[in-house]
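Enquirer: One structure, pasted below without further comment.
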Amino acid sequence: MRQAGRSLPEYHKARAGMTMTAACSTPDIITEITLQPLRRYDVDAAVFFSDIVVPLRAVGVGIEIKPGVGPVVDDPIRDEAAIGRLRDLEPGDVPFVTEAVTSLVGELGAKPLIGFAGGPFTLACYLVDGGPSKNFEITKSLMYGQPRAWDALMTRLTDITISFLRVQVAAGASAVQLFDSWVGALSPEDYRRSVLPHSARVFAAMAETGVPRIHFGVGTGELLALLGEAGADVVGVDWRVPLDEAARRVGPGKALQGNLDPAILLAPWPVIEQRTREILDRGRAAEGHVFNLGHGVMPETDPDVLARLTDLVHEASAPRA
């Protein structure tokens, strides 16, 4: 799962004196932080070190990642006129992404690199609310009260997201993941009406590249069927729905990713091992299962526990004689 490095002392050393936004736009730092978890853990792929705000900053949005707070926007978008400030993203806007991905592909060899972007809805949440929120009331009020403005905003953000992912694939990324972290704030009806068409357009555009596509959200148990309908090859499942039930909800033709609660990694090892084996057993109900955490690695996680977890998953999921 992305953020795997933030529990590592070498991660904090690499970022010493550097803001998150600076780290995400410096090719050498991107490369180093992406590779750090792979030096400790025998994981099966690398996840590109980036942040959802990178493409927004690249098109001129005043947005900073404030420590202990998260992304904060200087001038939130609250009406149709303000949407005009969002221009299209061009590859020349993010040369550091192309440079970093090219470098990483060379370093990784046969190991895949998973590209990354924030979903249009999650980007809209930050742009409209202006920063983190528990319920994103301002964003939802725009969605409900100004449907034309909402559609224009989501259309523009979808275009930006597609361009950002295409840059990564063109540079050599082997798969892409759309991280729609806050879409669980919506009902199925609102998701289908106001978000699904835009997410589906992202996945349709990425289908042309031929790389596998992963769709992830948090608190999306009631949306799993719709997340699958959006068109990804793999649907992420957090820790709230067992994988055998998630497979039933998502339906045939999709693999699942997940779903260990990151907080379990703070428990004693016997608890971690039991929960991991349960997830692997339930995951056999799906047509494919990428074992993963249900969300990002918690900063206080012991790196040795993550290494032990990786070895356990490989041992327990190895082909049986």
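Enquirer: Condition check: touching a helix residue (DSSP H, G or I) at 6+ places or on another chain (Cβ under 7 Å), open to solvent by less than 60 Å² (accessible area, probe 1.4 Å), closer than 14 Å to residue 55 by Cβ and of a type in the set (S, T, N, Q). Does residue 139 satisfy that?
Expert: It is false that residue 139 is touching a helix residue (DSSP H, G or I) at 6+ places or on another chain (Cβ under 7 Å), open to solvent by less than 60 Å² (accessible area, probe 1.4 Å), closer than 14 Å to residue 55 by Cβ and of a type in the set (S, T, N, Q).
Enquirer: A follow-up question, please. Can you pull out the residues in region 142-160 that are within 16 Å of residue 85 (Cα to Cα) and either open to solvent by less than 60 Å² (accessible area, probe 1.4 Å) or among the small types (Gly, Ala, Ser) (or both)? Spell out how you get there, then give the answer.
Expert: Restricting attention to region 142-160, the residues satisfying the condition of being within 16 Å of residue 85 (Cα to Cα) are 149-160.
Scanning region 142-160 gives 149, 150, 152, 153, 154, 155, 157, 158, 159, 160.
Enquirer: Only one of (1) within 24 Å of residue 149 (Cβ to Cβ); (2) open to solvent by 10 Å² or more (accessible area, probe 1.4 Å) is not met by residue 53, so which one is it?
Expert: Status for residue 53: all satisfied but (2).
Enquirer: Would you call residue 177 touching a Gly at 6+ places or on another chain (Cβ under 8 Å), within 20 Å of residue 47 (Cβ to Cβ), assigned to a strand (DSSP E or B) and among the polar types (S, T, N, Q)?
Expert: Yes.
Enquirer: Further question: Could you please tell me which pairs satisfy a Cβ distance under 9 Å, a separation of 6+ or placement on different chains, a first residue in region 292-321 that is surrounded by 17 or more Cβ atoms within 10 Å (Cβ to Cβ), and a second residue that is at pLDDT 95 or above and hydroxyl-bearing (Ser, Thr, Tyr)?
Expert: Between residues of region 292-321 that are surrounded by 17 or more Cβ atoms within 10 Å (Cβ to Cβ) and residues that are at pLDDT 95 or above and hydroxyl-bearing (Ser, Thr, Tyr), the close pairs are 309/276; 312/276; 313/276.
Enquirer: Next up: Filter region 74-102 down to the residues that are open to solvent by 10 Å² or more (accessible area, probe 1.4 Å), within 24 Å of residue 146 (Cα to Cα) and assigned to a loop (DSSP other than H, G, I, E, B) and list them by number.
Expert: Across region 74-102, the qualifying residues are 74, 75, 76, 78, 79, 84, 85, 87, 88.
Enquirer: Determine whether region 65-87 contains at least one residue that is touching an Asp or Glu at 6+ places or on another chain (Cβ under 7 Å), over 22 Å from residue 141 (Cα atoms) and not hydrophobic (A, V, I, L, M, F, W, C).
Expert: Looking for residues that are touching an Asp or Glu at 6+ places or on another chain (Cβ under 7 Å), over 22 Å from residue 141 (Cα atoms) and not hydrophobic (A, V, I, L, M, F, W, C), one finds none in region 65-87, hence no.
Enquirer: Being surrounded by fewer than 21 Cβ atoms within 10 Å (Cβ to Cβ) and modelled with pLDDT of 95 or more is the requirement here; does residue 124 meet it?
Expert: Numbers: surrounded by fewer than 21 Cβ atoms within 10 Å (Cβ to Cβ): no; modelled with pLDDT of 95 or more: yes.
The answer is no for residue 124.
Enquirer: On the basis of being of a type in the set (D, E, K, R) and either closer than 19 Å to residue 47 by Cβ or touching a Ser or Thr at 6+ places or on another chain (Cβ under 8 Å) (or both), does residue 273 make the cut?
Expert: The answer is no for residue 273.
Enquirer: Suppose we filter 71, 112 for residues that are under 30 Å from residue 290 (Cα atoms), open to solvent by 30 Å² or more (accessible area, probe 1.4 Å) and not acidic (Asp, Glu); which single one remains?
Expert: Numbers: 71 fails: open to solvent by 30 Å² or more (accessible area, probe 1.4 Å).
The conditions single out 112.
Enquirer: Can you name the residue in region 14-35 that is assigned to a helix (DSSP H, G or I) and touching a strand residue (DSSP E or B) at 6+ places or on another chain (Cβ under 8 Å) and is also nearest to residue 164 (Cα to Cα) among such residues?
Expert: Top of the filtered list is 21.
Enquirer: Just the residues that are assigned to a helix (DSSP H, G or I) and either among the aliphatic types (A, V, I, L, M) or under 22 Å from residue 203 (Cα atoms) (or both), please, taken from region 103-125.
Expert: Within region 103-125, 104, 105, 108, 120, 121, 122, 123, 124, 125 qualify.
Enquirer: Now, a different point. Checking residue 46 against (1) touching a Lys or Arg at 6+ places or on another chain (Cβ under 8 Å); (2) modelled with pLDDT under 95, which test does it fail?
Expert: (2)
Enquirer: Step by step: first the residues of region 36-54, then only those that are outside any loop (DSSP other than H, G, I, E, B) and more than 14 Å from the chain's Cα centre (by Cα), then the one that is farthest from residue 102 (Cα to Cα). Which residue is that?
Expert: Here the answer is 40.
The values are calculated or read from the model by the stated rules, or taken from the named source; none is laboratory data. Predicted model only: the values in this text are computed from it and were never measured. Every residue, glycine among them, receives a Cβ derived from its backbone with ideal geometry; neighbour counts consider all protein chains shown. Surface accessibility is based on the protein's heavy atoms, side chains included, excluding ligands, DNA and RNA. Shrake-Rupley method; radii C 1.70, N 1.55, O 1.52, S 1.80 Å.
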